[in-house]
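All of the numbers you see were taken from the coordinates with simple rules; none came from a lab. Values in this document were obtained by computation on a predicted structure and should not be read as measured data. Counting neighbours? That spans all protein chains shown, and the Cβs are built from the backbone with ideal geometry, glycine included.
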Amino acid sequence: MDHTDSLLGAYGLTDARDRLLSADAPLAELQERCGGDLPGTLAIPELLALVQQARAMGLKIARSFSAFDGDAEVSGFARIHPLAEGEGGGCEVLVENWQRSPLTPPSAREFAEKIDAIDRATAEVSARLDARQRLQVLSALAPDAAELQKAATEAPGTTWSTLVELTGVSHHQPLHWRLLDGATCRFAGSARNWRVRLIPLGPDAQNPAGFELLLIAEEPLGETVADQADSAAPEALPSRLVGTALTPVLRQPVARIIANAESIRARLAGPLRDEYSEYAGTIASAGQHLAAMLDDLADLEVVETPGFSTAREPVDLADAARRAAGILGVRAQNRDTVLVVEGERGAAVATAEFRRVLQILINLIGNAIAYAPAASTVTITALAAGEGRVALTVADEGPGITPEQATRIFDKGERLGRDSDGGRDGGSGLGLYISRRLAEAMEGSLTVSAAPGGGALFRLELPAH
């Protein structure tokens with residue numbers, strides 16, 4: 001059917017067990033096409049939810065209604081009137097302005113964006129590449145990708161494909177990115193197969209300004225808590241079960257939950273009503289929050305390990321600031337927030353560990369984006385601090401911070417009430433605590449004060465190179 005069919009309405013009657021007892025022809029036909037009988041349990045999920053809600057509350061419901069009927073959409077305005085027990089305890093159902101119209105398939109661009117979102121949620125290794133596919137920064141969540149992350153850290157600027165073994169690809173590298181997108185690979189330290197995603201960055205996909213590299217495991221991690229418990233020393237077991245042991249075990253199923261919820265939200269598994277799509281989005285957000293908390297628990301155990309230390313290498317703070325801003329660019333755009341990076345490359349070079357500096361920056365900038373007002377500016381500045389020190393500052397335009405809050409903000413588990421701020425989730429309360437411990441491990445410091453003109457100003461100081 002390539003046009004819209006419209007009827008005045010369709011009437012039906014249900015009983016106390018939500019069985020459709022009688023119905024006008026349009027409603028009866030939709031009931032049968034959804035696999036139901038007449039009489040029989042109401043088989044139209046969207047309408048069944050409204051009937052159950054009206055019957056449970058004992059109130060009339062009147063709202064827009066839509067349902068999917070094969071390759072078409074049925075829509076109208078549903079009026080649900082619950083009946084008293086003496087009248088059968090069911091509901092009268094009236095759908096006014098009944099319309100049946102063809103579905104509009106998503107555009108190729110919309111479909112591609114949904115696939116990208118699912119792959120980002122599932123990826124256990126992510127990286128930023130320049131226009132020539134050279135590594136800028138690589139982050140690995142999977143424990144069996146630790147060797148890959150170490151190799152990337154020790155060889156910045158190398159072509160990413162030299163660090164992996166591409167399956168079935170024998171041509172000289174680097175290949176055109178379209179030939180690598182979707183390929184499979186393996187790398188040292190992991191027994192799993194990995195799928196490659198290369199997402200071009202910039203407005204021109206033919207001449208990208210860079211790439212987002214995602215590696216998605218084709219198999220779940222074979223490690224279990226029991227396996228780790230057997231191999232762990234008895235005295236180390238209690239702490240390992242909190243983060244280091246549980247995190248790799250839980251990360252894969254959590255990633256699958258996020259990916260499945262994103263699939264439902266994006267309607268890739270089939271048509272879905274808006275409210276159910278929103279429910280799936282809530283599930284995906286909760287999964288992402290849980291994944292972040294798992295990462296925090298793992299990092300917490302690392303920084304609290306006796307003798308924990310970091311690498312010592314030259315780190316250009318202006319370059320680190322620009323990379324962190326690039327990683328968080330999409331999140332900032334979603335809140336209409338402008339990220340401003342100040343400071344010339346080479347003017348502030350620290351002796352520190354690049355990935356730890358980047359981790360601190362991502363935490364500070366991410367907090368500024370989340371808790372400052374929408375459509376505001378976050379300013380990241382790299383500067384010389386005198387007496388053999390260099391610094392990075394992150395200033396937002398939020399409500400600021402009191403001296404009393406400044407004394408507590410770096411405490412373990414401290415959220416300063418952010419978990420109830422406008423409904424936004426305050427996270428685990430470990431990010432700033434971990435960031436300060438990392439700064440101190442690099443012989444630096446992390447402090448907070450009021451920003452000029454309002455807002456909070458975080459300052460990371462490190463030894464100059």
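Enter the Cα centre distance for the pair the range 447-465 and the range 111-166, rounded to the nearest angstrom.
What the calculation gives is 31 Å, centre to centre.
Based on the Cβ-Cβ distance from Ala384 to Glu440, what FRET efficiency comes out when R0 is 22 Å, to the nearest 0.05?
Working from the Cβ atoms, E equals 0.60.
Under 5 Å between amide hydrogens, which residues at least 5 positions from Asp69 or on another chain qualify, with H placed 1.01 Å from N in the peptide plane?
Val74
Using 7 Å Cα-to-Cβ label points, what is the Ala112/Ala131 separation (nm, one decimal)?
Calculated label separation equals 1.9 nm.
Take Gln333, project a point 7 Å from its Cα along the Cβ direction, then tell me which residues of the range 128-163 have their backbone nitrogen under 19 Å from it.
Only 128-131 pass the distance filter.
What distance in nm separates the two pseudo spin-label positions at Thr402 and Thr162, each 7 Å out from Cα along the beta-carbon direction?
The answer from the label model is 5.6 nm.
Consider a paramagnetic label point 7 Å from the Cα of Glu218 along Cα→Cβ; state which residues of the range 131-153 have an amide N under 12 Å from it.
From the range 131-153, the list is empty.
Mean 1/r over all different Cα pairs, inverted: what Kirkwood radius does the range 5-96 give, in Å?
12.9
Once Rh for the range 109-219 is found with the Kirkwood sum over Cα pairs, what is the Stokes-Einstein diffusion coefficient at 4 °C and 1.567 mPa s, in µm²/s?
Rounded to a whole number, D works out at 92 µm²/s.
So, with +1 on the Cβ of K and R and -1 on the Cβ of D and E, and no other charges, what is the size of the charge dipole of the range 267-394 about its Cα centre, to the nearest 20 debye?
Here the size comes out at about 280 debye.
Could you run the Karplus curve 6.51 cos²θ - 1.76 cosθ + 1.60 with θ = phi - 60° over the range 208-214 and give me ³J(HN,Hα) per residue in whole Hz, x for Gly and Pro?
x, 7, x, 9, 9, 9, 10
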